[in-house]
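The values are calculated or read from the model by the stated rules, or taken from the named source; none is laboratory data. What you see is a predicted model; the values in this text were computed from it and never measured. Glycine also receives a Cβ, built like all others from the backbone with ideal geometry; neighbour counts cover every protein chain displayed.
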Amino acid sequence: MTKRRQVLGSTVALTASAILPMLSTPTARAQSFPARTIRYICPWTAGGTTDIVMRAFAESATKALGQTVIVENKPGAGGTLGAVELVNAKPDGYTLAQLPISVLRIPHMQKVQFDALKDFTWIACLTGYTFGLVVRADSPIKTVKDLVAYAKLNPEKFSYGTPGTGTSPHLVMEEFAFKAGIKLQHIPFKGVAEGMQSLLGGHIMGHSDSTGWAPHVDEGRLRLLATYGSKRTKRWPNVQTLEELGYETVSDSPFGVCGPKGMDPVVVKTLQNAFKATLDDPNVIASLQKYDQPVIYLDTAAYTKYARETFNAEKATIERLGMANKT
């Protein structure tokens, strides 16, 4: 009986010693993911449209994952600081970021600290923006036609703000100006909050951005001249798009959640599913509707394909506008 107990004891010990290394393998760790707080980096200022929507996603993903997802703001550099954070992060799923379209565009304009097609895992696309150009309500410029006429008489006198050089609101305005045959003065800010302060204070003449300007438009302090989507918005159905006005310029800049390169597929799938589930959350839906952001869902494979195709398309646009890095 004693021998039998010794044999059984040895067998259990051997089995345990065999299992313990397995529990520390990447696959085992991935299957226990997440086990702690996840950082979701917002490369824009706190209180802006993207920040508010990302916080709704984070709160909903917290419920889906069973671990807290916190939003950290890293504004500046045209929305690329989140990308820089991912380059230096471990690929364990605990550091995520929003990668705006500027990450796929700015590398064609200047040297950056990342390779947009090699350094990231494109986990899931979730939404996009409604962009538009606003002026103060007391501005003599009441239409895009007025703006073009003013700019032709006063080259580089119409000053407009954006959330940064190389962002979609900037590139749309450059494309519009190119096709209208005018020259404008670009003033980059870190986010919509700074831009709104400058516009409302009379320091700039217009602002091109996502719908952080919406409350001011609805309250009559600002006038919306045009939106940049492929069709008019439900919220401002009387406002024409730049496409309608004949400038062949469309932008909605899809975005979602991304991580560093080399992530375990199990972790990627867990995050993809959790963030996809947020799109059914009433609080997330309400936040998207408030800021006129459509649901644009792409899984990891489709989002990766989008990134590759957009990177190439942005290169062509930057070269056409004469903004390509010459070095």
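Within region 292-308, take every residue that is in contact with a Ser or Thr (Cβ under 9 Å, 6 or more places away or on another chain) and farther than 10 Å from Cys125 by Cα and give me the one that is surrounded by the most Cβ atoms within 10 Å (Cβ to Cβ).
Gln293
For region 85-102: of the residues being touching a helix residue (DSSP H, G or I) at 6+ places or on another chain (Cβ under 8 Å), modelled with pLDDT of 95 or more and of a type outside the set (S, T, N, Q), which is farthest from Thr165 (Cα to Cα)? Walk me through it before giving the result.
Residues of region 85-102 that are touching a helix residue (DSSP H, G or I) at 6+ places or on another chain (Cβ under 8 Å), as a first pass: 92-93, 95-102.
Still in the list and also modelled with pLDDT of 95 or more: 92-93, 95-99.
Subsequent filtering for residues that are of a type outside the set (S, T, N, Q) retains 92-93, 96-97, 99.
Working: Asp92: 31, Gly93: 30, Leu96: 23, Ala97: 20, Leu99: 15 Å.
The qualifying residue farthest from Thr165 (Cα to Cα) is Asp92.
For region 158-206, how many residues meet the condition of being over 27 Å from the mean Cα position of the chain (by Cα) and closer than 24 Å to Glu248 by Cα?
Here the count works out to 5.
Considering only region 245-327, give the helices (runs of 4 or more DSSP H) lying wholly within it that have at least 3 residues that are hydroxyl-bearing (Ser, Thr, Tyr) and not assigned by TED's automatic domain parsing to the domain that holds Val172.
Details: elements: 265-278, 282-290, 300-320.
Helices (runs of 4 or more DSSP H) meeting the threshold: 300-320.
Looking at region 136-148, can you tell me whether even one residue there is of a type in the set (S, T, N, Q), more than 30 Å from Thr304 (Cβ to Cβ) and at pLDDT 95 or above? First the steps, then the outcome.
Taking region 136-148 and keeping what is of a type in the set (S, T, N, Q), we get 139, 143.
From the residues that got through so far, the ones that are more than 30 Å from Thr304 (Cβ to Cβ) too are 139, 143.
Still in the running and at pLDDT 95 or above: 139, 143.
Yes: region 136-148 contains one or more residues that are of a type in the set (S, T, N, Q), more than 30 Å from Thr304 (Cβ to Cβ) and at pLDDT 95 or above.
Considering only region 242-270, state which residues are modelled with pLDDT of 95 or more, buried (at least 20 other Cβ atoms within 10 Å of the Cβ) and farther than 20 Å from Ala97 by Cβ.
Within region 242-270, just Leu242 meets the criteria.
Any residue in region 110-129 that is among the hydroxyl-bearing types (Ser, Thr, Tyr) sitting within a Cβ distance under 7 Å of a residue that is assigned to a loop (DSSP other than H, G, I, E, B) and at pLDDT 95 or above? List the pairs, counting only those 6 or more apart or interchain.
Thr121/Lys261; Thr121/Met263
Select the helices (runs of 4 or more DSSP H) contained entirely in region 24-93, then report the ones holding at least 3 residues which are buried (at least 16 other Cβ atoms within 10 Å of the Cβ) and without any contact (Cβ under 8 Å) to a residue 60 or more places away in the chain. Give the steps one after another, and end with the answer.
Details: elements: 26-31, 49-65, 81-87.
Hits in region 24-93: 49-65, 81-87.
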